[in-house]
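Report on the structure given below.
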Amino acid sequence: MIDIRTATPADYDAVGTLTADVYIGGGFVSEADGYADRLRDTASRAEHADVVVAVVDDEIVGSVTIAAPESPFADVAETGELEFRMLAVAQSARGKGVGSALVRHVLDVAYERGDRAVVISTQADMVEARRIYDRSGFVAAPERDWAPVPGTELTALVRELV
């Protein structure tokens, strides 16, 4: 069973390590990239957004950061939308529904908040994550695509709730 809950300060190191390992190990971020430090800094994310973990058998196997539009961690969310980012699932838990459970949780939170949509930015080579987003009803919003730094192109995806 997958337990989805808010990360506690005791979880922050594990969440930061997991998130950095997934992004660096997947080739999405280099160890030398300053973004790797941001991925590890769960405490800062939790201060300005909601960090959620997926736990299986008392082990954190996934995490996601949920940001309201006014959060410094929201890059593309507009009023009435909720954004999520830094979705990470441990290699050992892949294919077991952890990523889908985290995305469903984000959709549930947005619905409970009364948001009209959920948004995410993703890279073209994040194939496994993109399958989850596609199955969850996210569609491309090319007018919102962006590049946080030269050479890193992000695709914006939107899932309407109403």
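The values are calculated or read from the model by the stated rules, or taken from the named source; none is laboratory data. From a predicted model like this one, the values you see are computed outputs, not experimental measurements. A quick note on method: Cβ atoms are made from the backbone with ideal geometry, for glycine too, and the neighbour counts reach across all protein chains shown. Accessible surface areas use protein heavy atoms only, side chains included; no ligands, DNA or RNA. Shrake-Rupley method; radii C 1.70, N 1.55, O 1.52, S 1.80 Å.
What are the residues in segment 125-158 that are open to solvent by less than 70 Å² (accessible area, probe 1.4 Å), part of a strand (DSSP E or B), touching a strand residue (DSSP E or B) at 6+ places or on another chain (Cβ under 8 Å) and touching a residue at least 12 places away in the same chain (Cβ under 8 Å), if any?
Answer for segment 125-158, where residues must be open to solvent by less than 70 Å² (accessible area, probe 1.4 Å), part of a strand (DSSP E or B), touching a strand residue (DSSP E or B) at 6+ places or on another chain (Cβ under 8 Å) and touching a residue at least 12 places away in the same chain (Cβ under 8 Å): ALA140, TRP146, PRO148, LEU154, THR155, ALA156, LEU157, VAL158.
Considering segment 22-40 alone, what residues qualify as being open to solvent by 50 Å² or more (accessible area, probe 1.4 Å), under 21 Å from ALA54 (Cα atoms) and within 14 Å of the chain's Cα centre (by Cα)?
Of segment 22-40, the ones open to solvent by 50 Å² or more (accessible area, probe 1.4 Å) are 25, 27-28, 30-35, 37-38, 40.
Pick out the ones that are also under 21 Å from ALA54 (Cα atoms) and you get 25, 38, 40.
Listed by number, the residues that qualify are ARG38, ARG40.
Please go through segment 41-54 and give me each residue that is in contact with a strand residue (DSSP E or B) (Cβ under 8 Å, 6 or more places away or on another chain) and surrounded by fewer than 18 Cβ atoms within 10 Å (Cβ to Cβ), ordered by number. Break it down stepwise before answering.
If we filter segment 41-54 for residues that are in contact with a strand residue (DSSP E or B) (Cβ under 8 Å, 6 or more places away or on another chain), which is where we start, we get 42, 45, 48-54.
Listed by number, the list holds a single entry, HIS48.
Could you tell me whether any residue of segment 105-113 is assigned to a loop (DSSP other than H, G, I, E, B) and either surrounded by 17 or more Cβ atoms within 10 Å (Cβ to Cβ) or out of contact with any strand residue (DSSP E or B) (no Cβ under 6 Å at 6 or more places or on another chain) (or both)? Before you say what the answer is, go through the steps one by one.
Step one: filter segment 105-113 for residues assigned to a loop (DSSP other than H, G, I, E, B), giving none.
Checked against the condition, which is being assigned to a loop (DSSP other than H, G, I, E, B) and either surrounded by 17 or more Cβ atoms within 10 Å (Cβ to Cβ) or out of contact with any strand residue (DSSP E or B) (no Cβ under 6 Å at 6 or more places or on another chain) (or both), segment 105-113 yields no hits at all.
Can you pull out every residue in segment 4-20 that is crowded, with 16+ Cβ neighbours inside 10 Å and charged (D, E, K, R)?
ASP11, the sole residue that qualifies.
Find all pairs meeting these conditions: Cβ atoms under 7 angstrom apart; at least six residues apart or on different chains; first residue within segment 108-124 and closer than 9 Å to LEU154 by Cα; second residue among the small types (Gly, Ala, Ser).
As it stands, the answer is SER121/ALA156; THR122/ALA129, since those pairs meet every condition given.
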